[in-house]
Amino acid sequence: MKRLDKLLSDAGVAPRRELKAIIRSGRVEVNGTVVTAPETKVDETAASVAVDGVPVDTGQFVYYMMDKPTGVVSATEDRTEETVLDLLPPEVRRRGVFPVGRLDKDTTGLLLLTNDGAFAHRIISPVSHVEKCYAARVDGIPDETDAAVFATGVILRDGTECLPARLETDGTDRCLVTVREGKYHQVKRMLASRGKPVLELRRLTIGALRLDETLGPGGFRPLTPEERQQALRETML
C-alpha cells in the first residue's frame, strides 16, 4: 500500500507538492471513485488510478526505446552537452529513467531507457553476451578478408582482443557489424583496425529487439512486454 500522492509522484504525474492540490481539487479517481485526500492508501498493484479521466501507469518500472539522434550524449546529466534525458518530457524524467549502456555522441539508433537497474544490468553485463547489430558507413570497402578477421576475433591496435563478431558486406562502403560485448568505441575501433574508419554508425538491434524506425530522430515510446522479453531473451544470467 502507498499514499496516493506518493504513488502519483512515483508515476511521474507531477511533483508531490503539486499533487496534493490536484488530488484535493477532485481530479483523481481510484477504482472509479473520486478521492480528495492525498494521504489515502492505495494498492499500487491492483488499483486503477486516473487523473482528469486519463489512466495512470502506476507500475514501479518503465521501459522505453529511443531512436537516439546524433549530437546528444547518453548520460543522465552533462554540464556542457545535451543528453538523451533532455529529449524526454518531464513526466518521464521524473520516473528516474537512465540510458541502458551508451551510444557515442555521433552514433544514432536504438537506445533503451529504464528505471529498472536489474533489467539494465542483464542487458549490459559482459557475461550476458547480448548481440547488438550496427549499420556502418566507412571510408573504404569492407571485404571478405575483413569479415574473416572479424569472425576469428579482431585484435585492436592497443592489443585488446575482441570476441568473434559478424561483419556483413555488400561490396559498398556500408556494412553490418554484430558484436557480443561492449568495449569502448568497439565497433569503430574494430573497423579502424582494418583500415576502414567509420563515417556513420547506427545501432539497429539489441538481442532480438529491433529499433522502431518510425520513431524518427529523438523519438521514443514504451516497450511492449514482448519487446522487453526480446531484449532479455539472449542474456545468460
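The values are calculated or read from the model by the stated rules, or taken from the named source; none is laboratory data. Note that this is a predicted model, so its numbers are computed, not measured. Here the Cβ positions follow ideal geometry from the backbone for every residue, glycine too, while neighbour counts run over all protein chains shown. When the accessible area is computed, the model is the full protein with side chains, heavy atoms only, and any ligands, DNA or RNA have been set aside. Shrake-Rupley method; radii C 1.70, N 1.55, O 1.52, S 1.80 Å.
Output the residue which, of all residues in segment 160-176 that are out of contact with any Ser or Thr (no Cβ under 7 Å at 6 or more places or on another chain) and under 21 Å from H129 (Cα atoms), is most open to solvent (accessible area, probe 1.4 Å). Steps first, please.
Of all residues in segment 160-176, those out of contact with any Ser or Thr (no Cβ under 7 Å at 6 or more places or on another chain) come to 160-163, 167-174, 176.
Okay, now just the ones that are also under 21 Å from H129 (Cα atoms), so 160-163, 167-168, 176.
Values: T160: 40, E161: 130, C162: 12, L163: 59, L167: 16, E168: 81, L176: 57 Å².
Only one residue tops the list, namely E161.
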query: If you go through segment 177-201, how many residues are part of a loop (DSSP other than H, G, I, E, B), open to solvent by less than 50 Å² (accessible area, probe 1.4 Å) and on the phi < 0 side of the Ramachandran plot?
result: 2
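For segment 1-38, enumerate the residues that are open to solvent by less than 50 Å² (accessible area, probe 1.4 Å), at pLDDT 90 or above and not in a helix (DSSP H, G or I). Give the derivation first.
Looking only at segment 1-38, we keep the residues that are open to solvent by less than 50 Å² (accessible area, probe 1.4 Å), and these are 4-5, 7-9, 11-15, 19, 22-23, 26, 28, 30, 35, 37-38.
Filter once more, keeping what is at pLDDT 90 or above: 4-5, 19, 22-23, 26, 28, 30, 35, 37-38.
Within segment 1-38, G26, V28, V30, V35, A37, P38 meet the criteria.
When the residues of segment 39-58 are filtered to those that are without any contact (Cβ under 8 Å) to a residue 12 or more places away in the chain and of a type outside the set (S, T, N, Q), which remaining residue is surrounded by the most Cβ atoms within 10 Å (Cβ to Cβ)?
Going residue by residue through segment 39-58, those that are without any contact (Cβ under 8 Å) to a residue 12 or more places away in the chain are 45-46, 54-55.
Right, trim to of a type outside the set (S, T, N, Q) and you get 46, 54-55.
On the way: A46: 8, V54: 8, P55: 10.
The residue in question is P55.
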- prompt: What single numbered condition from (1) open to solvent by less than 40 Å² (accessible area, probe 1.4 Å); (2) under 29 Å from the mean Cα position of the chain (by Cα); (3) not small (G, A, S) fails to hold for R137?
  reply: (1)
message: Residue under question is T83, and the condition is that it be closer than 27 Å to V198 by Cα and open to solvent by 30 Å² or more (accessible area, probe 1.4 Å); does it hold?
response: no
- request: Need at least 2 residues that are at pLDDT below 95 per element, so show me which strands (runs of 3 or more DSSP E) inside segment 39-114 make the cut, counting only ones lying wholly within it.
  value: 49-51
task: Please identify the pairs in which a residue from segment 1-28 that is over 23 Å from N115 (Cα atoms) and small (G, A, S) has its Cβ atom under 6 Å from the Cβ atom of a residue that is open to solvent by 70 Å² or more (accessible area, probe 1.4 Å) and part of a strand (DSSP E or B), counting only partners at least 6 apart or on another chain.
output: G26/V34
